[in-house]
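Working notes, structure below.
The values are calculated or read from the model by the stated rules, or taken from the named source; none is laboratory data. All figures in this text were calculated on a predicted structure; none of them were measured in a lab. Positions of Cβ are generated from backbone atoms using ideal geometry, with glycine treated the same way; all protein chains shown enter the neighbour counts. Quick note on the areas: whole protein, heavy atoms, side chains included, nothing else; ligands and nucleic acids left out. Shrake-Rupley method; radii C 1.70, N 1.55, O 1.52, S 1.80 Å.
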Amino acid sequence: MTPSISPNEAAMVESIKRNLATQGKSSDALTFADLYTKFSSKIGPGSVKNKWAVLYLLKTVSEDRINQKNMPSNAPANAFLSSLSRGGLPELGLRNDSNLEGYKDNCKDLRGSVGNLGKMEKGYSDNSNDFRGLVGTLGKMEKGYTDNSKDLRGLMGKLGKREKGCSDGNVSDDFRSSSNLKDYRGKGYSDGNVSDDLRNLSCGGDVSRVLKGKGEVGKGWSGGVLMVSKDSENLRYMAYKEFVDLWKEENEVSEDVLVRDVLYSCQGIDGKYVKYDKNEDGYVLPDWMKVPRATRNVVRKLCELGWLFRKVKGYISESMNQFPAQDVGTVGQAFCAALQDELSEYYKLLAVLEGQAMNPIPLGSEGECSGNYMSFRRLSVWFAEPIVKMRLMAVLVDNCKSLKGGAMAGAIHMHAQHGDPLVNDFMKRLLRRVCSPLFEMVRRWVLEGELEDIFSEFFIVSQPVKDESLWREGYRLHAAMLPAFISQSLAKQILRTGKSINFLRVCCDDRGWADAATEAAAAVGTTITRGSLGYGETDALESLVTEAAKRIDKHLLELMHKRYKFKEHCLAIKRYLLLGQGDFVQYLMDIVGPELSEPANTISSFKLATLLESAITSSNAQYDDCDIRARLRVKMMPHKTGDRGWDVFSLEYDAGVPLNTVFTESVMTRYIRVFNFLWKLRRVEHALTGTWKTMKPNCITSHFFSKLPQAVKLQLILTSRKCQVLWDEMNHFVSNLQYYIMFEVLEVSWSNLVKEMELSKDLDDLLAAHENYLSSILEKSLLGERSQELNKTLFVLFDLILRFRSLADRLYEGINELQSRTAEVKSQGKSNDKSSEPGSWLGEGRKALTQRAGEFFKNMGNDIDVIGKDYTTIFEGFISKLPVQQHIDLKFLMFRLNFTEFYSQLQPITRGKLF
């Protein structure tokens, strides 16, 4: 027999949804679509294979119930045929027919078959196979079903016609031999599943029975089929009752009791049967209890929510109990409070479910099916959303156990990057509570400069320092506490804004920052009160920080330039410590020179301070601001045995607060290092100038040369020429080096500093500009770390020049003495007592004077040759190292020193190597 309807599952689904939509039940259509999606996804062992038959059954039952409600009381007798023509279940009406009693035995057989619905055994006859098709349509379909089993109408017809060779008792007895549904449950149906399926069927409407006719058509018959009305015994209800009795025989505890135990476990409370097992780490049923395995699995699955609740609740209790003793922190407290709020909503849900669980599970009547009761299936639906939230909270609890502050907020923020709208909304709601203390810290730091971080949760940390180190070392970023939703650049801007407020308040004793902070908050449309910022408002936070930083930094720079005259102090350091005030330096060197020639341990710093004051009042420095002049002082460096005053003398500049934030102790040490170098260079220049004054020819010296013997005259001229040539070479080097330092180093660096100061937007930019200025001077002046070897060579050259000055002084002292002694010989004719002393040039008369003069000039010439040779060797080494220096300006120094290529021609062998 071929089915009258093609088994097209997709078409059947679309037909059901279309009917629901046509009836105005769009929500039911959506619900059906969702349920069908889950139903069709179940594949494998224990799943329904012939899904079309189940859908067809549900559709026809629904249509029959609608048609029955709409059918008038005087319905025609052929309603059964009309129902079959529509493709639905037969509408059976009870007729007062005399032939009805002849079919009671068959009715009893059919009732017994429905009551003992279960697994079919092999060896059934053709009719039993047809009946098995009906059972397969109601539940699980077995493999090998015939085409007849797919057509419910065909089977119903067969049941009414009883094929030859199969008596009524065969069908009934075969069906009853199904071992009371045990095998049926073993194929994937739990007791609850069968119960719910049969319960749904029992709520469907009237019970239909098809009885066999004998071929003739009599009263109440239509085509050999008797139309039977509603039976008072309610066959479906009786079948369900029989199934419930069987289910109770195999289950010691009813489903509603287990449901209440599950609800207890979801609150972390042990129920009567469902208890927490430490070994299993979960809520389980005891092994001695007689319940199906499917029930145990369902209970274990539902009790996962209780296990998660136990973890979350334990974390909250542990954190709150440890709060006074350990650093839980404000962010940790906010996290616990947010979790507690979610648990409060969870408690409300459980209260509703417990109220429904008090109602008994219905046995299948129409009224009871629509009541508020709670079964395992309904509990699974109710738990779908809470278990997602509870799992997420348990994951957060595990990840945040060892974290606090910004690190905890960052870890929670990482779980908010989720595509599920439910999870995303839940995480945002949670993060608003958790990040509230953190954003309050940011607000107070940016607008008030206050850092209230008792538990070290903020990403900015402070440490006690001196006022001069407040800006550089007082505050720093703590990268471990920086949450992921605040970028590194924004964190640095937040740090600088708060530092600026504290710098103004502590170092500058200024309160103008408060007005700037209020204006910044008003400019971005926020307030300076608590709670004005929160999670998810990163753009508003960035706007507030940017506006506050711009206004507060502008106020700070105006204060530094106008009230504290930062630029004027930088210029004063350049003029005095970097020896830019020429007349002051020259006069100071002239008056302190004799004093500094003494041993260092014999020099009085008070006397030097008096000489410094005299140099200031005797030069154009006297017109500077008195505050600047008062900051300039004499400083004696630590000295060793044998050091002279020149080696330990230096000047220092006391910048004071708040300028000492820029001119720190380390910065002033570098300035003193530059001063010592420039002071030595000026001393060398001063020495060469003094040598030139001594060597300068005059009429007395010329007259003296004309009176000397020829041999002595030649020696004098040769020695003087050597001294003059060496002086020229040294003067060329010192003059070009001093020009390079004063103009190409100091002036160029100062010009760059002025430009960078004008472009500075905050104190960090100002500090960076000054740092670049000082570093440039050190590098170009051969005082950098990469120029240490060249610096040592340069100071050796300076020492040779000073030795040359001493040698030149000895030479011209000897000439002056020779001139005076010669004049005495002419006037007196003989030596006096003083001239006859041992070692005197005139002790042995004129002849001896001439001889001793020749030896003196010869020895001085040899000493000049030695110094000249050493100087040339060291200077060539100095020249050879200039091209390999990193700074490009040092190459210009080499160009100036060797402009005429004199040294290249002097050493042609090493020319390619040096140049």
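Annotations for the structure displayed:
- Total residues in region 532-574, condition among the hydrophobic types (A, V, I, L, M, F, W, C), under 13 Å from residue 757 (Cα atoms) and in contact with an Asp or Glu (Cβ under 8 Å, 6 or more places away or on another chain): 1
- Answer residue from region 616-675, given it is of a type in the set (S, T, N, Q) and out of contact with any Asp or Glu (no Cβ under 9 Å at 6 or more places or on another chain) and is least open to solvent (accessible area, probe 1.4 Å) among those: 650
- Apart from one condition, residue 761 fits all of (1) buried (at least 16 other Cβ atoms within 10 Å of the Cβ); (2) touching a residue at least 60 places away in the same chain (Cβ under 8 Å); the exception is (1).
- Candidates are the residues of region 557-594 that are hydroxyl-bearing (Ser, Thr, Tyr) and within 30 Å of residue 657 (Cα to Cα); the one that is nearest to the chain's Cα centre (by Cα) is 564.
- Total residues in region 50-90 satisfying the condition of being touching a Leu at 6+ places or on another chain (Cβ under 9 Å) and either modelled with pLDDT of 55 or more or not in a loop (DSSP other than H, G, I, E, B) (or both): the figure is 11.
- Count of residues meeting criterion [at pLDDT 90 or above and open to solvent by less than 30 Å² (accessible area, probe 1.4 Å)] in region 307-331: 6
- Tabulated pairs, region 533-550, first assigned by the TED database to the domain that holds residue 425, second hydroxyl-bearing (Ser, Thr, Tyr) and open to solvent by 30 Å² or more (accessible area, probe 1.4 Å), C-beta under 7 angstrom, 6+ apart or interchain: 534/436; 540/526; 544/526
- Annotation note: of 275, 230, the sole residue that is in the same structural domain as residue 397 (by the TED database), open to solvent by 60 Å² or more (accessible area, probe 1.4 Å) and either more than 37 Å from the chain's Cα centre (by Cα) or modelled with pLDDT of 85 or more (or both) is 275.
- Candidates 618, 614, 605, 597: the one that is among the hydroxyl-bearing types (Ser, Thr, Tyr) and within 58 Å of the chain's Cα centre (by Cα) is 605.
- All of (1) open to solvent by less than 60 Å² (accessible area, probe 1.4 Å); (2) modelled with pLDDT under 75; (3) more than 18 Å from residue 740 (Cβ to Cβ); (4) of a type in the set (Ser, Thr, Tyr) hold for residue 836 with one exception: (1).
- Every residue from region 421-451 that is in a loop (DSSP other than H, G, I, E, B) and open to solvent by 60 Å² or more (accessible area, probe 1.4 Å): 450
- Yes/no for residue 552 being of a type outside the set (Phe, Trp, Tyr) and under 39 Å from the mean Cα position of the chain (by Cα): yes
- Members of region 13-49 that are part of a loop (DSSP other than H, G, I, E, B) and touching an Asp or Glu at 6+ places or on another chain (Cβ under 9 Å): 49
- Of residues in region 476-513 being of a type in the set (Gly, Ala, Ser), touching a residue at least 12 places away in the same chain (Cβ under 8 Å) and open to solvent by 30 Å² or more (accessible area, probe 1.4 Å), the one nearest to residue 656 (Cα to Cα): 479
- Residues of region 779-802 satisfying the condition of being closer than 18 Å to residue 749 by Cα and open to solvent by 20 Å² or more (accessible area, probe 1.4 Å): 779
- Of residues in region 348-375 being among the charged types (D, E, K, R) and more than 21 Å from residue 238 (Cβ to Cβ), the one modelled with the highest pLDDT: 348
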